[in-house]
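Contents: one structure, followed by commentary.
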Amino acid sequence: MSIWKKLFTAVRGSVNEAGEAIADNQALRILDQEMRDANANLSKAKESMTGVMAEQMGVERKVSELKGKIEEYEGYVAQALDKGDETLALEVADKIAELSNELEAQEKLLAGYKVNVAQLKRTIAETERNIKAMEREVSIVKTTEAVQKANAAAAAKFSGSNSAVRSATDSLERIKAKQQKRGDQMKAAMELQKESEGGDLQAKLKSAGIVSGNASANAILEKIKAKKAA
């Protein structure tokens, strides 16, 4: 591979990495927007389904009414035949045929509504499951992203890649050093004060057994007993 091809490949790789970095930075925002769009579309689908179900209910009422009408006119045919009026019976039968044809059409329409509503319900339920699964994935991605950023911020102290964190860490170490120095100075001042008041000499004399230390309760009790016995 020539040097120019290598340079071209390197540049193209850098461009691709930069493009991926930009896309990754916008990934969570894009996912959030997609979830909002999906939920909005799902709400619209549910509204549309309620409209279809309402239409189905209307057709069901129509079918029920037609069946009632047909049953009613069949009774009229029977009454006309009982009276021997076949002409009237035939006229009513013609009405029944008309109602039966309409009933058949409405029943086919109702069957279509039932199939469509059942399909819509399955589709909506599946969509809801998919959205919930996607929302869980987005939540996991967000949590992972936050944890990784926190880890990166903490690791920057040791990697030295973050100048701001490094500067803050250096300042923290200087503060700790100053506090330690002040503490040492206060301790030295207290020791110096003891020495100036003879406290250090007194401690040395007590340690050597030349002077007594603080009186004890047992020693005082024995001293009082000796006085009483005398």
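The values are calculated or read from the model by the stated rules, or taken from the named source; none is laboratory data. Only a predicted model underlies this, so the values are computations on that prediction, with no experimental measurement involved. No Cβ is skipped: glycine too gets one built from the backbone with ideal geometry, and neighbour counts run over all protein chains shown.
Conditions (1) modelled with pLDDT under 85; (2) of a type outside the set (Lys, Arg), marked per residue:
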site	(1), (2)
LYS6	yes, no
ASP32	yes, yes
MET57	no, yes
LYS83	no, no
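Restricting the range 109-129 to residues that are farther than 30 Å from LYS62 by Cα and in contact (Cβ under 8 Å) with a residue 60 or more places away in the chain, the residue that is farthest from the chain's Cα centre (by Cα) is THR127. I'd like to check something: does the range 95-109 contain any residue that is out of contact with any His (no Cβ under 7 Å at 6 or more places or on another chain), surrounded by 13 or more Cβ atoms within 10 Å (Cβ to Cβ) and either at pLDDT below 85 or basic (Lys, Arg) (or both)? Yes, the range 95-109 contains at least one residue that is out of contact with any His (no Cβ under 7 Å at 6 or more places or on another chain), surrounded by 13 or more Cβ atoms within 10 Å (Cβ to Cβ) and either at pLDDT below 85 or basic (Lys, Arg) (or both).
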